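Down below is the structure, laid out as structure tokens.
Values quoted throughout were computed directly from the atomic coordinates according to the rules given, and no laboratory measurement underlies them. This structure is a prediction, so every number in the text was calculated from the model and none was measured. With ideal geometry, Cβ positions are generated from the backbone for all residues, glycine too; neighbour counts draw on all protein chains shown.
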Amino acid sequence: MTEEATGATISAPGAGDHVEVEAPFYHEGAPQAFQRLWTPHRMVYIGGQNKPSDDTPAQCPFCTGPERDDEEALIVHRGQTSYVIMNLYPYNTGHLLVCPYRHISDWTEATAPERQEIGELTATAMSVVRSVSHPHGFNLGMNQGEVAGAGIAAHLHQHIVPRWKGDANFMPIIGRTKPVPQLLGEQRDMLAAAWSARTGQSGD
Ligand SMILES: [Zn+2]
């Protein structure tokens with residue numbers, strides 16, 4: 001790293017002396033937890049691929065997705081007010097989104113039943129992902145507005161990002177942002193099957 005103007009550098013743990021790697025999302029004064037919280041969201045839709053040309057439901061992937069079948073739309077589970085879908089531009093393997101069916105953009109517009117079900121679906125999604133791929137942690141969050149990093153700002157969506165120790169290196173993040181439809185389909189099948197099995201056991 002010779003470019004000192006791009007931000008802070010951090011020492012690579014376990015690497016030789018004088019080896020430094022760039023901290024990709026360093027913000028002066030921001031707590032470390034915030035860097036980790038917001039990193040995945042900044043990477044989503046980084047290239048703007050398939051972004052809607054306007055904010056209408058007709059252009060909205062979270063409105064049109066449920067009109068297709070689950071396999072094609074990569075939907076993992078359908079609830080009463082909201083549903084769970086694979087993120088087409090995942091930051092990490094198993095990156096899920098919980099969306100209300102209604103085309104609303106802001107958490108304050110959600111009804112009480114929508115807020116409750118989005119919360120319940122988020123918890124179940126964490127349990128399902130844990131049972132399938134055993135992550136060490138999760139990032140959960142909603143970006144409200146494009147300025148806050150929302151790729152599809154017009155339609156509310158809750159991110160569920162599984163995290164593994166050591167997954168925060170710069171190159172794996174870049175590598176994993178590439179959409180791999182076949183891999184996403186396989187992930188959907190595994191998660192949907194695990195979700196169905198869990199629902200059948202617990203009755204919820
Ligand atoms: Zn929508």
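Can you give the percent of C-alpha pairs in the range 48-131 whose distance is more than 23 Å? Kindly include the intermediate steps, with their values, before the conclusion.
Details: 716 of 3486 pairs.
Value for the range 48-131: 21 percent of Cα pairs lie more than 23 Å apart.
With each label modelled as a point 7 angstrom along the Cα→C-beta vector, the Gln116-Leu140 pair spans 1.7 nm. The peptide list 56-64, 69-77, put in order of mean Cβ contacts within 10 Å with the highest first, becomes 69-77, 56-64.
Could you tell me the calculated FRET efficiency between Glu109 and Glu72, based on Cβ-Cβ distance and R0 = 35 angstrom, to the nearest 0.05? The computed FRET efficiency comes out at 0.80.
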